[in-house]
Amino acid sequence: MSLETKAEELLRKNRRVHRGHQYTVPSPDIYPYQWLWDSCFHAIALSHFDPKAAQEELRSLFAMQYEDGMVPHMIFWKKMITRPYFVVWENKRRSVITQPPMIAYAAWELHRRHPDNSFLEEIYEPLLKFYQYLIERRDPRDHHLISIINPDESGEDNSPRFDIAMGASSDISFFKHMYERNKLVEKNRTCDFNEELCMRDNFWVKDVPFNVILIRNLQALGHIASFLGHKQGEHFATQHAKLIRDNMRDRLFEDGVYWSAWGQNHEKIKIDTWAHFVPMFADLYTHAEAKKVVEKYFNNFNTLRSEFGIRSVSKTEESYRSKGFWRGPVWLAPQWFIYKGLRSYGFKEEAEWVKDTMYHNVESSNFREYFNPETGEAMGARQFTWGALLLDMKD
Ligand code: GLC
């Protein structure tokens, strides 16, 4: 059976339906709920062979949208199985934080492959509301950089990019990190999840991947709004995509790359991670800059590139751990972002290499969550649905 057929099968096997809401679990063992950016990846993969299921996947995300527009990063459709080490997010079957806003991109890709005006119309208002929430509530000082209030909102839960804002040491253990994140959720409960207060007092990071992903998604939202003839929505989306892009350049760009920043003074967090590549996904580097990033970090096996893909954290960092959760291993979704970015800049050979390593990892591990960059050993959840993103890496 081809790997593509196996990926399609995995998406079907991990599909769940609860009272008419259809979604796909990231993995039946460790992740038996619905997650925001995972569902977007699933929808992108599904758009290649099952557009109806892709629509359902996005529809169910909006079913639990908050009044203010936030889409929760997790939905507990069925009773939550608490685990002693699980961060406790829950609030009425949905989590209290969000995740990288990939929904507009997924919806537009789906529409490009299988046009369905009525579906786009149906999700347009909730979609717009989500992006309005991010722009209005996550940037209280009008700096045009959007903030996350918890490391998990980045999708890279334990990344050392957040150590300084978390007060964590570079050798913090997985469990201690979990404990600290639980404490952060409790603190944010005390400020009632009021974004401005929680950011000021507890955790305030303007993360590069989150903002890059937002820019790309605002562009997609702009296309959707324009297609549907919603002039105001189109203006909102294109204007804010530009404002964030300009401000990332002004405040986050230094030494040829973009750095995440924390606190109200935008202090740069100078940790080398795969985030150096992600600006290519939204066309933030000039071609000459992208070439330098490729030379410095892609063509260099001592930093981000390993035999088994692009490391999440550079080998040169003190926090680098070849088996550490988001502290070194190769993760599949970042490979997909890097692949898309490299291709759009015309780095064809490099993009092919990323794709080939991803195929190799998925094939030899049968869809595991992440990989040791030094040995290729597969780790984490089994039957991990992100692997199906390879369906979106065809020419
Ligand atoms: C882990 C990952 C996160 C993902 C979730 C479900 O928490 O860090 O990015 O969304 O698992 O797959």
Quick test for you: out of S312, S344, S306, S364, pick the one residue that is more than 16 Å from the ligand (Cβ to nearest atom) and within 28 Å of M178 (Cα to Cα). S306
I want to confirm something. Restricting to the stretch 27-44 and keeping residues that are of a type in the set (A, V, I, L, M) and out of contact with any Asp or Glu (no Cβ under 6 Å at 6 or more places or on another chain), which single residue is nearest to F325 (Cα to Cα)? I30
Filter result (surrounded by 18 or more Cβ atoms within 10 Å (Cβ to Cβ) and either closer than 30 Å to K292 by Cβ or not polar (S, T, N, Q) (or both)) within the stretch 351-371: A351, V354, K355, T357, M358, N361, V362, F367, R368, E369, Y370, F371
I'd like to know if the stretch 325-332 contains one or more residues that are more than 16 Å from the ligand (Cβ to nearest atom), in contact (Cβ under 8 Å) with a residue 24 or more places away in the chain and either of a type outside the set (V, I, T) or surrounded by fewer than 18 Cβ atoms within 10 Å (Cβ to Cβ) (or both). no
When F308 is run through (1) buried (at least 18 other Cβ atoms within 10 Å of the Cβ); (2) over 25 Å from N158 (Cα atoms); (3) among the aromatic types (F, W, Y), the failure sits at (2)
Answer yes or no as to whether D38 is farther than 30 Å from F175 by Cβ and among the acidic types (D, E). no
Mind checking which residues of the stretch 112-162 are acidic (D, E) and either more than 16 Å from the ligand (Cβ to nearest atom) or surrounded by fewer than 19 Cβ atoms within 10 Å (Cβ to Cβ) (or both)? D116, E121, E122, E125, E136, D139, D142, D157
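Residues checked against (1) in a loop (DSSP other than H, G, I, E, B); (2) of a type in the set (D, E, K, R):
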{"site": "I213", "(1), (2)": "no, no"}
{"site": "N217", "(1), (2)": "no, no"}
{"site": "I224", "(1), (2)": "no, no"}
{"site": "F236", "(1), (2)": "no, no"}
{"site": "A241", "(1), (2)": "no, no"}
{"site": "R251", "(1), (2)": "no, yes"}
{"site": "I271", "(1), (2)": "yes, no"}
Residue that is modelled with the highest pLDDT, among those in the stretch 347-371 that are more than 20 Å from the chain's Cα centre (by Cα) and in a loop (DSSP other than H, G, I, E, B): F347
Y179 meets each of (1) surrounded by 17 or more Cβ atoms within 10 Å (Cβ to Cβ); (2) of a type in the set (S, T, Y); (3) within 16 Å of the ligand (Cβ to nearest atom) with one exception, condition (1)
Helices (runs of 4 or more DSSP H) lying entirely in the stretch 1-108 (those with 1 or more residues that are under 23 Å from K129 (Cβ atoms), away from the ligand (no atom under 16 Å from the Cβ) and not hydrophobic (A, V, I, L, M, F, W, C)): 51-62
Residue, surrounded by the fewest Cβ atoms within 10 Å (Cβ to Cβ), within the stretch 227-274, restricted to residues that are in contact (Cβ under 8 Å) with a residue 60 or more places away in the chain and aromatic (F, W, Y): F227
By residue number, the members of the stretch 188-207 that are without any contact (Cβ under 8 Å) to a residue 40 or more places away in the chain and either over 27 Å from I271 (Cβ atoms) or surrounded by 14 or more Cβ atoms within 10 Å (Cβ to Cβ) (or both) are T190, C191, D192, N194, L197
Per the filter on the stretch 111-164, residues of a type in the set (V, I, T), under 20 Å from C198 (Cβ atoms) and part of a helix (DSSP H, G or I) are I135, I164
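The values are calculated or read from the model by the stated rules, or taken from the named source; none is laboratory data. Computed from a predicted structure; not experimentally measured. Because the Cβ atoms are built from the backbone with ideal geometry, glycine has one as well, and the counts that use them run over all protein chains shown.
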